[in-house]
Amino acid sequence: MVTPQKATGSRPTLQDRYVREEGIVHLTGIQALARLPLDIRRADRREGRGTAGFVSGYEGSPLAGYDMELARCGSLLDECDIVFRPGVNEELAATAVQGTQLASAQPDKRVDGVTAIWYGKSPGLDRASDAIRHNNLMGTHPDGGVLALVGDDPAAKSSTVPGASELLLADLGLPTLYPSDPQEALDFGLHGVAMSRVSGLWVALKIVTAVADGSGTVDVSAGRTSPVVPDLAVDGVSYRHAVGSRMVQPALGDLERSRDGARLEIARRYAAANNLNRITRTGPDDRIGIVAPGKTFLDLRQALRILGLDDAELERRGVRLLHLGMIHPLEPTVVERFARGLRHIVVVEEKRPLVETALKDLLYGQGDQPSVSGKRTPDGSALLPLDGELDPDTVAARLAPHLNELGEFPTVQSWLKKKRATTRRKTLPLLPLLTRTPYFCSGCPHNLSTKAPEGAAVGAGIGCHAMVTLMDPSQAGDVIGMTQMGGEGAQWIGMQPFLARDHLIQNLGDGTFHHSGSLAIRAAVSAGVNVTYKLLYNSAVAMTGGQQPVGVMPVPAIAHSCPRCPRPTRVRQGPGACGSSHRSAGSA
């Protein structure tokens, strides 16, 4: 067992962030999540549980580097009996994670249970959703439990699509916790495991970029989080989930009923018993309530300060605040307490209205229910945007006129007057700024290997080589498509029959090939279309920290693994960066 270090009396080290079991340390969100499996095992040991741990997933922003941080903790993971096995892709990693729950139910198990963590960004959740739907139906073991860490990039700063996973997680039946900072990332992780064990459900943590990349001081004291087990009685019998592996009727129907019934109900009870949703400001004369989940609540508080609404002013104006830690399923008792006596409620959340819709459902049909605004006001006017990323300035600008309509807010009125005056004031035009188009690093082999004959039809792909979409057509060719990861070249199956051109050059990173891209090659060969796959081989998943692809093969093995083509496979080799070689294998 790892020996805890004292908070004082010894010189701080970087390893303290993972070793110390008392006091305060400084952690990024990623580091808090890397510490999480260690803290889970430490808590189990204090309680006398004979458990082990397992972590698997696939790297991707904003969880890029999570796997690398875990690898740095290799000796600590070993001491705590935690197995870390990155997945070839998110779907297979999720299936491996479910294997831990099945193992926990076997008669020859060597431990009482295995607590597992799956990680992936929002497109990875899309890919793994079929596996996770199966796995969540089967459920989790009472002595094990599963956490799903889902990285969301709402502004698509380092993603091909904006990330917002909460609606899919709700559809999959996963209770979803939304931490707002590194402290909550660590604490909600511990709560998530406890919730998973008592409910028999996978539990998700929605991790946005600001939380993953943000940092702060975190209390790591042992026992700071003491999960309270709620009432587990269902129809008069204490519920204990049995992991089901027979995915056929009639057993399947029973699993579905328990997932959507007893298990989600126990998750609601857990949230209530452990105060995961908190009314942070309340008073007897409140008439307006504002709700926000996770990190968005911090943006809301900053927006209110921008509008001159500190706690004292909020009390004077009768404004009540609710900070949601669990966004699905919405726990009804805290909503009832929050809404009591209010005339208006405003829901502040990013993207589509999950919380707003759930809150309206809970309040519908109740006497004297307040009006609810969110993406739109009750009269249909637009209020908060459905797209992009919310920040304090955006929230302040959208809330100010709405609050002004709901009542007397002198500080808001003053802010609106200053804003109008600033808008009317003439300003000098700014000098045009010089811009630099992003391009490959100096010496990167993609400088040469992504070049294509002028006018050639080229398919872009996932990876830093997606910058071909920004290159001049005389170098990159006519870039006509970019698919999801693993779909590279498959778009040509549907395009080619309807075009005069009969040939596509498709760029494909070696990390993507090992993840899922090999299936796209098989699909193109099966369809008989003319595609040259240019495999950009550099033995690194360059966009997420330079990890070696899981299951990496040398070029000859890759060429041998590809299906037989009408034309011979060509392999060419050329010079690459850093003294290595960069090879491109093409199949037509």
- Note on the structure: Quick P(r) readout (region 64-186; Cα-Cα; 10 Å bins; whole %) gives 12, 40, 38, 9, 1
- Query: Roughly how large, in nm² to one decimal, is the mean projection of the convex hull of the alpha-carbon atoms in the chain?
  - Reply: 33.9
- Taking Cα pairs closer than 8 Å and at least 6 residues apart, the relative contact order of region 284-355 in percent is 53
- Query: Considering only protein heavy atoms and a 1.4 Å probe, what is the carbon-and-sulfur percentage of the accessible area of region 19-68?
  - Reply: 52
- Item | Quarter of the Cα convex hull surface for region 348-400, i.e. its orientation-mean projected area (nm²) | 4.0
- Message: For region 49-100, compute the orientation-averaged projected area of the C-alpha convex hull (one quarter of its surface), in nm².
- Response: 4.0
- Treat each spin label as a single point 7 Å out from the Cα along the C-beta direction, and report the residue 315 to residue 383 distance in nm. 2.6
- For residue 441 paired with residue 242, estimate the spin-label separation in nm (one decimal), with each label point 7 Å from Cα along the Cα-to-Cβ line. 5.5
- trypsin sites (Lys or Arg not before Pro) within region 336-383: which are DSSP loop residues with at most 16 other Cβ atoms inside 10 Å? 340, 343, 375
- Query: Using only Cα atoms, what is the ratio of the radius of gyration of region 213-324 to 2.2 N^0.38 Å?
  - Reply: 1.54
- Surface per residue (accessible, 1.4 Å probe) for region 323-458, Å²: 59
- Message: Given N residues in region 420-523, what is its alpha carbon radius of gyration divided by 2.2 N^0.38 Å?
- Response: 1.49
- Between Rg and the Kirkwood Rh of region 324-372, both from Cα atoms, what is the Rg to Rh ratio? 0.93
- Query: Using only the Cα atoms of region 288-399, what do you get for the radius of gyration and for Dmax, in Å?
  - Reply: 13.2, 36
- Message: What's the whole-number percent of alpha carbon pairs in region 457-501 lying beyond 11 angstrom?
- Response: 66
- Note on the structure: Toy charge model, Lys and Arg Cβ at +1, Asp and Glu Cβ at -1: region 361-430 dipole around Cα centroid in debye, rounded to 20, equals 740
- Message: How much accessible area per residue does region 489-556 have, counting only protein heavy atoms and a probe of 1.4 Å, in square angstrom?
- Response: 40
- Task: Could you work out how far helix 90-104 tilts from the main Cα principal axis of the chain, as a 0 to 90 degree angle to the nearest 10?
- Result: 60
- What does the helix-only formula give at 222 nm for the chain: each DSSP H stretch with n ≥ 4 adding -39500 (n - 2.57), the total divided by the residues, and the result rounded to the nearest 500 deg cm²/dmol? -10500 deg cm²/dmol
- Mind grabbing the accessible area of residue 467 for me, 1.4 Å probe, Å², rounded to tens? 40
- Unsatisfied cross-links (Cα-Cα over 26 Å) in the set 295/375; 375/417; 157/351; 206/419; 375/419; 157/375: 206/419
- Compute the Rg/Rh shape ratio of region 6-98: radius of gyration over Kirkwood radius, all on alpha-carbon atoms. 0.99
- Task: For region 185-254, take the alpha-carbon Rg, divide it by the Kirkwood Rh, and send me Rg/Rh.
- Result: 1.11
- Message: Between 0 and 90 degrees, rounded to the nearest ten: what's the tilt of helix 294-306 against the longest Cα principal axis of the chain?
- Response: 60
- Message: Along the Cα→Cβ direction, 7 angstrom out, place labels at residue 273 and residue 49. What is the inter-label distance in nm?
- Response: 1.4
- Task: Just the number, please: carbon plus sulfur as a percent of the accessible area of region 329-382, 1.4 Å probe, no ligands or DNA/RNA counted.
- Result: 48
- Filter the GluC sites (Glu not before Pro) in region 376-423 to those in DSSP coil with at most 13 other Cβ atoms within 10 Å of their Cβ, and list the result. 408
- Regarding region 123-267, what whole-number volume in Å³ per residue does the convex hull of its Cα atoms give? 106
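The values are calculated or read from the model by the stated rules, or taken from the named source; none is laboratory data. Not measured: the values here are computed from a predicted model. Positions of Cβ are backbone-derived with ideal geometry, glycine not excepted, and every protein chain shown enters the neighbour counts. Protein only, heavy atoms only, side chains kept; ligands, DNA and RNA dropped before computing areas. Shrake-Rupley method; radii C 1.70, N 1.55, O 1.52, S 1.80 Å.
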